[in-house]
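Derivation of every value follows stated rules applied to the coordinates shown; laboratory data play no part. All values reported here derive from a predicted model rather than from experimental measurement. Every residue, glycine among them, receives a Cβ derived from its backbone with ideal geometry; neighbour counts consider all protein chains shown.
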């Protein structure tokens, strides 16, 4: 009887599950210390894809006085926007003219806030989001509208399902010169 239980337990442990749900009590932080330092500045290569266009550049983020402050610069060195994000709101500042429309800023501010504050216990959407493992990828999903993925190689992908926006972030290593 013990042998049968041991074999069944071993088989259950070896079987591959596509998804493994994480309980709310055991919330695993999305941002690891390797990906996002809460003291130093963080530099990411960034790609923002829409159905009609793609913007590539650099996103620089730093945690200051309980808020995430950042800037996005395109590949030509032009500032696209600055942002200040905390659990209650995200403000976009100095927005490049072609993005400086209230409806674009509203969507981008919501997306940035979800990415930056997903681990903050004061951010309702982050607390209510479902977290689960899809193989080696941590997925944070809020009502099938917002999806944040942390891949094993450190790449971060955020999808705004409703607006068909995809943000890709890859940490720039200190010795990365490309």
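Quick look at the numbers
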| read-out | value |
| --- | --- |
| Conditions (1) under 24 Å from residue 34 (Cβ atoms); (2) under 14 Å from the mean Cα position of the chain (by Cα); (3) without any contact (Cβ under 8 Å) to a residue 40 or more places away in the chain: number failed by residue 145 | (1) |
| Selection within the stretch 156-174 - part of a loop (DSSP other than H, G, I, E, B) and either crowded, with 18+ Cβ neighbours inside 10 Å or in contact (Cβ under 8 Å) with a residue 12 or more places away in the chain (or both) | 161, 162, 163, 164, 172 |
| Members of the stretch 119-136 that are in a helix (DSSP H, G or I) and either surrounded by fewer than 20 Cβ atoms within 10 Å (Cβ to Cβ) or touching a strand residue (DSSP E or B) at 6+ places or on another chain (Cβ under 6 Å) (or both) | 124, 125, 127, 128 |
| Scan of the stretch 59-103 for residues that are assigned to a strand (DSSP E or B), surrounded by fewer than 16 Cβ atoms within 10 Å (Cβ to Cβ) and out of contact with any strand residue (DSSP E or B) (no Cβ under 6 Å at 6 or more places or on another chain), ordered by number | 64, 89 |
| Residue within the stretch 104-118 that is exposed (fewer than 13 other Cβ atoms within 10 Å of the Cβ) and part of a loop (DSSP other than H, G, I, E, B) present | no |
| Odd one out for residue 153, checked against (1) over 26 Å from residue 28 (Cα atoms); (2) without any contact (Cβ under 8 Å) to a residue 12 or more places away in the chain | (1) |
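So that you can scan it fast, the table gives a plain yes or no per residue for (1) within 14 Å of the chain's Cα centre (by Cα); (2) without any contact (Cβ under 8 Å) to a residue 12 or more places away in the chain:
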site: 32; (1), (2): yes, no
site: 44; (1), (2): yes, no
site: 51; (1), (2): no, no
site: 72; (1), (2): no, no
site: 77; (1), (2): no, yes
site: 84; (1), (2): no, no
site: 89; (1), (2): no, no
